[in-house]
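The values are calculated or read from the model by the stated rules, or taken from the named source; none is laboratory data. On a predicted model such as this, the values are computed, not experimentally measured, just so you know. Quick reminder, even Gly has a Cβ in these numbers, built from the backbone with ideal geometry, and neighbours come from all protein chains shown.
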Amino acid sequence: MTLPLRIGLAGLGTVGAGVIRLLADNADLIGRRAGRGLVVTAVSARDRGRDRGVDLSGIDWVDDATELAGRDDVDVVVELIGGSDGPALTLARRTLGGGKALVTANKAMIAHHGKELAGLAETGDVALRYEAAVAGGIPVIKALSEGAAANRVSRVYGLLNGTCNYILTRMEAEGLDFATVLAAAQAAGYAEADPSFDIDGIDTAHKLAILAALAFGTAPAFDAVATQGIRAIDKVDIDHAAALGFRIKLVGLAEMVDGKLFQRVHPALLALGHPLAATAGALNGVVIEADPVGRLFLEGRGAGEGPTASAVVADLIDIARGNTALPFGMPIADWATLAPADRDSRQGRYYLRLTVADRPGVLAELAAALRDHGVSIESLIQRPSQADASAIVVMVTHLTEEAALLASLAQMAASPSVNGAPVMMHILDL
């Protein structure tokens, strides 16, 4: 008789409770698919007395989560504590260094310490699984590391944060401003009390660093991801984008450019016909462009109890089957060392919005700033501001070099005719 896989679970928040619930509710199906039973033998969390709505009887409680790594009745540790460092990292190091498998949903830890942890797993010939770290229930990690393993990936990009997608979707659908929708998202549980990691793009950057490492066979490089969030987006931008045939999304994009790796998180305009433009609400969507398979599009729920627990348990089933495939799809010794691509020389079209003094000569001043740096305008709209005696100017550029556009914007921002910082967004012609 095959012995069950014994699990030590650290973290009993929404996802941790969801894992226990899923293992209980689908025990028979999971056991048949894994070829053996999966049982939680020990758990650890901060508040022992809290009712989490799941049956913890028969499961040992450990106050110090790091003790799970050394228990004789634990074969695999599930880390759901969170945070790039601290107890989560200590637990991960002790688990893998002690010769036990690790499953985690911790994108920050993998983005910052993925190379170190992959090295521990490789040395100990144990599994490190993190499907739940990116895009929740969408199996994008497995798609890149296994399904598309024979392909040369040229680009991977997507909507990787459900909070931002929810906010932008409601701003467009209901004509609401950013602050109003953010408050509603917090009340509905889609956004944290401190939403900075989400709306400033940091969460997306963690996930993009992981996808880029898998796609291009290199170490995760979070610090190399240029990151911009959605705080500056106004409903006027949503309206103008729609009038131009676009929809604004927070996009994480990684691609190879002349042998170098480009990684960026930024609000961008996507044509309404693009599959990501139709990815609405709190859904995530990921596009993989590769040779010879072409374009792959994956969409689904990127967060929450059910999708994330599903990804965690899928990793546990893999481990129960004896799958100890390398964490990033190839040995660390074969990873490429990729220099970051130069952003200034990138060519693209751009959306610009400026609030300016409503007086003669201002448009000529803006046009001069663009002319001085060789930037050509495809279209321009000016209309009075509803808030004061200023005017709103929206422009779309022709194909231009990013450095030239940034120089133009710096010149405009220094003018007394321009109120506040100009807003610039990329138009992704993908």
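Observations
- The residues of region 391-430 that are buried (at least 20 other Cβ atoms within 10 Å of the Cβ) and more than 33 Å from the chain's Cα centre (by Cα) amount to a single one, VAL418.
- Of the residues examined, ASP47 is one that is without any contact (Cβ under 8 Å) to a residue 40 or more places away in the chain and acidic (Asp, Glu).
- The strands (runs of 3 or more DSSP E) found entirely in region 355-430 that carry 1 or more residues being without any contact (Cβ under 8 Å) to a residue 40 or more places away in the chain and within 29 Å of TYR157 (Cα to Cα) are 377-384.
Table: residues versus (1) modelled with pLDDT of 95 or more; (2) closer than 17 Å to VAL312 by Cα; (3) not β-branched (Val, Ile, Thr).
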residue	(1), (2), (3)
ASN26	yes, yes, yes
ARG33	yes, yes, yes
VAL40	yes, yes, no
VAL43	yes, yes, no
ASP47	no, no, yes
SER57	no, no, yes
ALA65	yes, no, yes
LEU68	yes, no, yes
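- Scanning region 183-193 for residues that are in contact with a Ser or Thr (Cβ under 9 Å, 6 or more places away or on another chain) and part of a helix (DSSP H, G or I) yields one hit, ALA185.
- Within region 85-100, the set of residues being part of a loop (DSSP other than H, G, I, E, B) and free of Cβ contacts under 8 Å to residues at least 12 places away in the same chain is empty.
- VAL78 vs. criteria farther than 17 Å from SER310 by Cβ and surrounded by 15 or more Cβ atoms within 10 Å (Cβ to Cβ): no
- Of the criteria (1) over 24 Å from HIS113 (Cβ atoms); (2) within 23 Å of the chain's Cα centre (by Cα); (3) loosely packed, with under 15 Cβ neighbours inside 10 Å, which one GLY322 fails: (2)
- Selection of region 234-255 for residues being in a strand (DSSP E or B) and not charged (D, E, K, R) yields PHE246, ILE248, LEU250, VAL251, GLY252, LEU253, ALA254.
- Hits in region 194-229 - residues which are closer than 15 Å to GLU116 by Cα, of a type in the set (Gly, Ala, Ser), in a loop (DSSP other than H, G, I, E, B) and under 14 Å from the mean Cα position of the chain (by Cα): ALA221
- Taking the numbered list (1) surrounded by fewer than 17 Cβ atoms within 10 Å (Cβ to Cβ); (2) not assigned by TED's automatic domain parsing to the domain that holds PHE197; (3) not in a loop (DSSP other than H, G, I, E, B) in turn, ASP51 passes all entries but (3).
- Any hit, region 348-371, residues being among the polar types (S, T, N, Q) and surrounded by 15 or more Cβ atoms within 10 Å (Cβ to Cβ): yes
- For region 394-430, a residue qualifies if it is touching a helix residue (DSSP H, G or I) at 6+ places or on another chain (Cβ under 7 Å) and either more than 20 Å from ALA277 (Cβ to Cβ) or in the same structural domain as LEU244 (by TED's automatic domain parsing) (or both), and the qualifying residues are THR397, SER408, GLN411, MET412, SER415, SER417, VAL418, ALA421, PRO422.
- Selection of region 114-170 for residues being over 22 Å from LEU80 (Cβ atoms), touching an Asp or Glu at 6+ places or on another chain (Cβ under 7 Å) and either of a type in the set (Asp, Glu) or in a helix (DSSP H, G or I) (or both) yields only CYS164.
- Looking across region 47-74, just one residue is on the phi > 0 side of the Ramachandran plot and under 32 Å from the mean Cα position of the chain (by Cα), and that is GLY53.
- Looking across VAL103, VAL78, VAL74, one residue alone is part of a loop (DSSP other than H, G, I, E, B), hydrophobic (A, V, I, L, M, F, W, C) and within 15 Å of ILE319 (Cα to Cα). It is VAL74.
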